[in-house]
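See below for the structure under consideration.
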Amino acid sequence: MLILLKIVHMFSLFAGGAASIGNGLLLKKVIASKAPPPPMVAQTMGIIGKIGFGAIVLLWLSGLGMMFASYDISALDWTFWVKMAGATAVLVPVTMMTAIARKAETTGTPPDLTRMKSLASIARGGVAIAIIFGVLAFN
Ligand code: HEM
């Protein structure tokens with residue numbers, strides 16, 4: 001079970017990272033163009049965003065699953081809690097970005113791209129912390 005959850009954790013890390021890099025680059029280009037993106041680009045960004053959000057949800061589910069299946073939380077040191085802070089700094093902004101994108105989709109108005117960019121930067125910092133302290137915590 002632990003192995004299966006760890007495989008899901010690693011694939012989710014891959015999918016989340018790919019989505020973050022892909023949408024980050026597209027967002028930079030869209031902001032620089034100072035014009036609404038072509039529908040095909042906007043649609044693709046929406047799909048990549050959903051993949052990224054799904055990946056974060058799976059990271060949390062598989063992470064919590066591994067935690068409760070195999071570890072005594074009280075035996076883990078501070079590095080684990082820093083990893084959790086990093087993971088939270090990913091979950092919160094990505095959830096907010098997903099909500100902003102969904103609202104824009106339903107109302108037909110463009111999302112606030114500058115806000116999306118700041119939230120994406122926070123999430124990237126969180127990923128870096130979660131990876132570095134994840135490795136430190138479990139080695
Ligand atoms: C953005 C979110 C996350 C990232 C980037 C991330 C990243 C990582 C990485 C790189 C490892 C491999 C560490 C190693 O084996 O050396 C790992 C393992 C692990 N993660 Fe996460 N993680 C995230 C979220 C979570 C959450 C929310 C939990 C639990 C609540 C969690 C629990 C675990 C556990 C228990 C392992 C150890 C698996 C093992 O080798 O036994 N992770 N994570």
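Of everything listed in (1) open to solvent by 50 Å² or more (accessible area, probe 1.4 Å); (2) aliphatic (A, V, I, L, M); (3) within 14 Å of the ligand (Cβ to nearest atom), the single unmet condition for ALA87 is (1).
Mind listing whichever residues of region 72-84 are exposed (fewer than 14 other Cβ atoms within 10 Å of the Cβ) and either near the ligand (Cβ under 8 Å from one of its atoms) or over 14 Å from PHE138 (Cβ atoms) (or both)? Once the filter is applied, which keeps residues that are exposed (fewer than 14 other Cβ atoms within 10 Å of the Cβ) and either near the ligand (Cβ under 8 Å from one of its atoms) or over 14 Å from PHE138 (Cβ atoms) (or both), region 72-84 yields only SER74.
For region 92-139, taking the residues that are within 16 Å of the ligand (Cβ to nearest atom), of a type outside the set (Gly, Ala, Ser) and over 14 Å from the mean Cα position of the chain (by Cα), the one that is surrounded by the most Cβ atoms within 10 Å (Cβ to Cβ) is identified as PHE133. Scan region 36-60 residue by residue and report those that are over 11 Å from LEU13 (Cα atoms), aliphatic (A, V, I, L, M) and open to solvent by less than 50 Å² (accessible area, probe 1.4 Å). Residues satisfying the conditions are VAL41, ALA42, MET45, ILE48. Report whether or not ALA69 is surrounded by fewer than 14 Cβ atoms within 10 Å (Cβ to Cβ) and touching a residue at least 12 places away in the same chain (Cβ under 8 Å). Answer is yes for this residue.
The values are calculated or read from the model by the stated rules, or taken from the named source; none is laboratory data. In this text, all values refer to a predicted model and were calculated from it rather than measured experimentally. Heads up, the Cβs are rebuilt from the backbone with ideal geometry, glycines too, and the neighbour counts pull from every protein chain shown. Note: areas computed on protein heavy atoms with side chains; ligands, DNA, RNA excluded. Shrake-Rupley method; radii C 1.70, N 1.55, O 1.52, S 1.80 Å.
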